[in-house]
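Colleague: Structure in C-alpha cells, see below.
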Amino acid sequence: MTAPPAGLDELPQVLVGRYRIERLLGAGGMGRVYCARDLLHEQFGDPDPYIALKLLSEPYAEAPDASALLFSEFALTRHVHHPNVLRLHSFEVDTECRRAFMSMELMRGLGLDQLLCERPLGLPWRELRDIALPLLDALDHVHRRRVLHGDVKPSNVMLTEDGVRLFDFGLAQAEAGVLPGLAHLSRTRFNAWTPGYAAPELLDGGPLSVRADLYAVACVIYELADGQHPWRRLPANQVRDLRPPLELSVPRQLPKRCWPALRCALAFDPAARDITLGQLREVLADAGTSWRKRGR
Ligand SMILES: Nc1ncnc2c1ncn2[C@@H]1O[C@H](COP(=O)(O)OP(=O)(O)O)[C@@H](O)[C@H]1O
Ligand SMILES: [Mg+2]
C-alpha cells in the first residue's frame, strides 16, 4: 500500500467509502481543506469528480462540540446561497475516523492573499472593480440573509475560473431568530479575530456587526487597490492601538472620486462608518462607468 500524501497521516485514504483524499489544498486558523475525488460520481462517468473537503484541524477537532461548530459553518453558508459565495454539497461524519467534514465545490483559482503577493503595486482599476463589485454583492447578500461573516480577509476570498467566491463562514453569526438551533462559537474561547481586518471595536470586545464586516471588506478593497494594507506602517498586531486621527493615503489604483466612500468605510469609529455596502458598491460601479467614458 502506498503511503498517504503529506499531511494526511491521521485520516483514512477514503472517507465514508466515497471520497478519496488526494492532497491538502490549504489550512487556515481552524480548518484543513483537501482535494478529493468523488468515487461515486466517477463511477457514473462524471468527467470532473473532484471536490473539496473541509475538516476542523487540531485542537478544534478535539473539542466536544467540534462537529456542531463545523455543522454551524455548513448551515450558515448554505443558508446564504449566492453566486459569489462558495457552494457546499453535504455535511457528513466518517464513523471509522470519527471526524465530521463538509464536501463542497473545488475552487480552482487564486486566493486574494496569493494575488496580492503577485501584485505588490495593486490591481489596475478594471481588474480591481471586477473583484470588488461581486465581493460587495456577496457580502451584502450575506447581510440580507441576516448573517454576519466575521472574517472577511484576502485569504477567505478566491478569484476562481467561475468568478469571485467568498468563503470560510467559520466565524459567521446568524442574527437572532435565524437558524436558531445552531451551535455558537465562543470567540473568547478561540480568540478568533484576525488583527488587521477585524474592526477596532471588535478588538475592544464589541459585538460583530454589519459595520464590522464593512470595515473588513473596505480593508481588502484598499489593499487590492494599493498592494498594501491601509495601516501598513504598523505591524498588524498593533492595529488595536491605533487611534484617530490617522492619515491614510489614497490607494494608488483607486479613482479619486471613490476615495471619500472607501475612507468612510474605513472609519475607526463605527458610528462614523456611515455608508452601506450598497452605497459603496454604487460609487465603485459609477466610477467604473465614467472611467470608461473618459476613454481609458
Ligand atoms: N472549496 C475549496 N476549494 C479550493 N481551496 C479551498 C476551498 N476551501 C478552502 N480552500 C483553501 O483552504 C484554505 C483554508 O480554508 P478555510 O475555509 O479558509 O479554512 P479556515 O477556517 O481554517 O481559515 C483557504 O484559504 C483556501 O486556500
Ligand atoms: Mg480561512
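The values are calculated or read from the model by the stated rules, or taken from the named source; none is laboratory data. Every value quoted in this text rests on a predicted model; they were computed, and no experiment measured them. Positions of Cβ are backbone-derived with ideal geometry, glycine not excepted, and every protein chain shown enters the neighbour counts. To get the accessible areas, we keep the full protein, side chains included, count just its heavy atoms, and leave off ligands, DNA and RNA. Shrake-Rupley method; radii C 1.70, N 1.55, O 1.52, S 1.80 Å.
Colleague: Quick check, is L136 buried (at least 18 other Cβ atoms within 10 Å of the Cβ), among the hydrophobic types (A, V, I, L, M, F, W, C) and under 21 Å from L25 (Cβ atoms)?
Modeller: Spelling it out, it is not the case that L136 is buried (at least 18 other Cβ atoms within 10 Å of the Cβ), among the hydrophobic types (A, V, I, L, M, F, W, C) and under 21 Å from L25 (Cβ atoms).
Colleague: Return the residue satisfying two criteria in turn: it lies in the range 107-130 and is open to solvent by less than 10 Å² (accessible area, probe 1.4 Å) and under 13 Å from the mean Cα position of the chain (by Cα), and of such residues it is farthest from ligand 2 (Cβ to nearest atom).
Modeller: Per the stated criteria, the residue is L112.
Colleague: Would a scan of the range 58-67 turn up a residue that is open to solvent by less than 40 Å² (accessible area, probe 1.4 Å) and either over 26 Å from V178 (Cα atoms) or of a type in the set (V, I, T) (or both)?
Modeller: Within the range 58-67 (the criterion being open to solvent by less than 40 Å² (accessible area, probe 1.4 Å) and either over 26 Å from V178 (Cα atoms) or of a type in the set (V, I, T) (or both)), the answer is no, since none of the residues qualifies.
Colleague: Within the range 222-238, restricting attention to residues that are within 25 Å of L284 (Cα to Cα) and in a loop (DSSP other than H, G, I, E, B), which residue is modelled with the lowest pLDDT?
Modeller: R232
Colleague: Restricting to the range 20-70, name every residue that is among the hydrophobic types (A, V, I, L, M, F, W, C), away from ligand 2 (no atom under 13 Å from the Cβ) and not in a strand (DSSP E or B).
Modeller: Listed by number, the residues that qualify are L39, L40, F44, A61, A63, A66, A68, L69, L70.
Colleague: Report whether or not G170 is farther than 21 Å from L284 by Cα, in contact (Cβ under 8 Å) with a residue 24 or more places away in the chain and either surrounded by fewer than 23 Cβ atoms within 10 Å (Cβ to Cβ) or within 16 Å of ligand 2 (Cβ to nearest atom) (or both).
Modeller: Yes: the conditions hold for G170.
Colleague: Oh, and also: If I go through the range 239-280 residue by residue, how many of them are of a type in the set (D, E, K, R), within 24 Å of P120 (Cα to Cα) and modelled with pLDDT of 90 or more?
Modeller: 4
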